[in-house]
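See below for the structure under consideration.
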Amino acid sequence: MTDITFDKSRILFEKASKVIPGGVNSPVRYFQPYPFFVESANASRLFTNDGNVLIDYCLGYGSVFLGHCNQQIGSEIKSQIDKGNLFCTPTEKETLLAEICSKIIPCAEMIRIMNTGAEATMHSIRIARAFTRKTKIIKFEGGYHGAYDYVLNKAGSGAAGQEYSDGILSESASKTITVPFNDIESLKSVIDNEQNHNDIACIIIEPVMANTGLILPEKDYLNSIRNITKQNNIVLIFDEVVTGFRLALGGASEFFGIKPDLATFAKTLGNGYPISLLAGSREIMSGLAPRGSVYQASTFAGNPISVTAALKTLEILIEDRNIIYPIVARTCDKLVEALRNMVQDKKIDATINSIGSMFQIFFSDKIIRNYYSVKSSNTKFFMDMFKILLAKGVFIPPSPFETCFISTQHNEEDLEKTLDAYETALAKVKKY
Ligand SMILES: Cc1ncc(COP(=O)(O)O)c(C=O)c1O
């Protein structure tokens, strides 16, 4: 098969760059020499303005779990549009969504509906500070929780490699302590350090790191963090923006059997529509305004379009949970097993991490267990592989500091084409 090209996208990108900084509305969307432009999508496929069809393993950075353009969700949305799209006054559907989520999410006694992942994690930190009357927070190197001041220290995703963004006050950054993932002793020493002692309000963690490649928590790691936070009156926040409703219906919390104090959700919840949740114990969540004194507000929060999308997504996930989760995991396992065989046959130093419907390949002979192991992998090989895969019609996120995702719509034909593309890409990468 000849390589596909993106000539029209180049022209569209040049035009976009004149009015949009960097030509994109979120930095991870850019890659060299220019990103492709998408006209439409369906199931596991993206259709570019150049007339190319791509098998999508980015899926809105993990959002589109049920595949693009899900007809059932679409038809509910269409009928909601006819009834109105923004009321800014309570609707019955919001209560219904909160009731359903409180049954699914282990820590959720109360829920506040928001719009984006960043909003949910930002308010989880604010409420943790107010609840504990402490100021500092701990996050993990390579952990990504959104593009705002509290959490951009040593963040992952598009911010990987930066200490913290320009424009953030050092006073603000100094309240955020970063520690390496999968290293309980480092965490303990930070908590016990005299300078921090009794001033750590919360620990925010992606239970499975998905923004610095894909990194799994080692045995007992999350359990130990749960114990330490309880012992030290620190609020434990699971950022389940990626893992929520994807790793299991009840997210990583259900998957690993650990109940945090607060948890944040987005992405899969709306299958691509903008909606997020902050969930937690009644005691902590009651602090939110208007009852409590922690201010959190948004014009678009709980808008009927996003809530309708979430209700339908959850209805599908709940009804078919015994089919959906095993199937996506099987599809992922099959792909990963074939990739492992491929790298072994070609004698390529590579490590593949995977869990549930997520996977990532790293060009390294080491175990990939934290940000530094990803950073020391061969990132040039990765980008070379990315470009060849794209030319063969397979789109994975354009960075080793991201994760590849499988949807319920990826089928045998997709897998075959994908493996053919990897075969070519890995053979070429090896020669460099
Ligand atoms: C784990 C995690 N938390 C928070 C966020 C921020 O979400 P949003 O981009 O919707 O603000 C992301 C985004 O990728 C994420 O992966």
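Readers should treat all values here as calculations from the given coordinates under stated rules, not as data from a laboratory. Not measured: the values here are computed from a predicted model. Positions of Cβ are generated from backbone atoms using ideal geometry, with glycine treated the same way; all protein chains shown enter the neighbour counts.
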**OP:** Please name whichever of 378, 389, 355 sits farthest to the positive end of the charge dipole of the range 348-412, dipole taken about the Cα centre and charges placed at Cβ: Lys and Arg +1, Asp and Glu -1.
**Re:** 378
**OP:** With θ set to phi - 60°, apply the Karplus curve 6.51 cos²θ - 1.76 cosθ + 1.60 along the range 98-115 and write out the HN-Hα couplings as whole Hz, x wherever there is a Gly or Pro.
**Re:** 5, 5, 4, 5, 5, 7, 8, 8, x, 8, 8, 8, 9, 9, 10, 8, 10, 10
Subject >> Rounded Å value of the spacing that divides the Cα centres of the range 323-351 and the range 28-87 >> reply: 25
Subject >> Placed amide H near residue 209: partners under 5 Å, 5+ positions off or other chain >> reply: 215
Original post:
Separation of the range 140-174 and the range 213-234 by C-alpha centroid, Å?
Top reply: 21
Original post:
What FRET efficiency do you get for residue 148 and residue 1 if R0 is 60 Å and r is their Cβ-Cβ distance, rounded to the nearest 0.05?
Top reply: 0.90
**OP:** List, in order, the whole-Hz ³J(HN,Hα) value for each residue of the range 369-386 obtained from phi through the Karplus relation with A = 6.51, B = -1.76, C = 1.60 and θ = phi - 60°; use x for Gly and Pro.
**Re:** 10, 7, 4, 5, 5, 6, 4, 8, 6, 7, 6, 5, 4, 4, 5, 4, 4, 3
**OP:** Take the alpha-carbon centre of the range 383-397, take the same for the range 290-320, and report the distance between them in whole Å.
**Re:** 35
**OP:** Compute log10 of I(q)/I(0) for the range 250-404 with the Debye formula, placing one identical point scatterer on every Cα and leaving out solvent, at q = 0.11, 0.13, 0.15 Å⁻¹, to two decimals.
**Re:** -0.65, -0.86, -1.03
Subject >> Phi-based couplings in Hz for the range 135-145 (Karplus 6.51, -1.76, 1.60; Gly and Pro marked x) >> reply: 10, 8, 10, 10, 10, 10, 4, x, x, 10, 10
**OP:** Above 30 angstrom, tally the Cα pairs of the range 71-319 and express them as a % of all pairs, no decimals.
**Re:** 24
**OP:** Please list, in chain and number order, the residues 5+ apart from residue 235 or on another chain whose amide H is under 5 Å from its amide H, with Hs placed from the backbone.
**Re:** 202, 203
Original post:
What are the residues whose amide H is under 5 Å from the amide H of residue 49, where those residues sit 5 or more places off or on another chain and H is modelled from the backbone?
Top reply: 37, 38, 39
**OP:** Would you calculate, for the chain, the mean residue ellipticity at 222 nm contributed by helices, counting each DSSP H stretch of 4 or more residues as -39,500 (n - 2.57) and dividing by all residues, to the nearest 500?
**Re:** -12000 deg cm²/dmol
Original post:
R0 = 35 Å: FRET efficiency of residue 349 with residue 18, Cβ-based, nearest 0.05?
Top reply: 0.25
**OP:** At 7 Å along the Cα-to-beta-carbon direction for both residue 416 and residue 198, put a label point, then send me their distance in nm to one decimal.
**Re:** 6.8
Original post:
Rounded to the nearest 5, what % of the DSSP beta bridges within the range 71-319 are antiparallel ones?
Top reply: 40
**OP:** Two decimals is fine: what is log10 I(q)/I(0) at q = 0.08, 0.10, 0.12, 0.14 Å⁻¹ for the chain, from a Debye sum with one equal scatterer on every Cα and no solvent?
**Re:** -0.44, -0.70, -1.02, -1.39
Subject >> Calculated FRET value between residue 103 and residue 372, using beta carbons and R₀ = 45 Å, to 0.05 >> reply: 0.70
**OP:** Name the most mobile residue of 82, 56, 333, meaning the one with the largest mean-square fluctuation, in a Gaussian network model of the chain with Cα contacts below 10 Å.
**Re:** 82
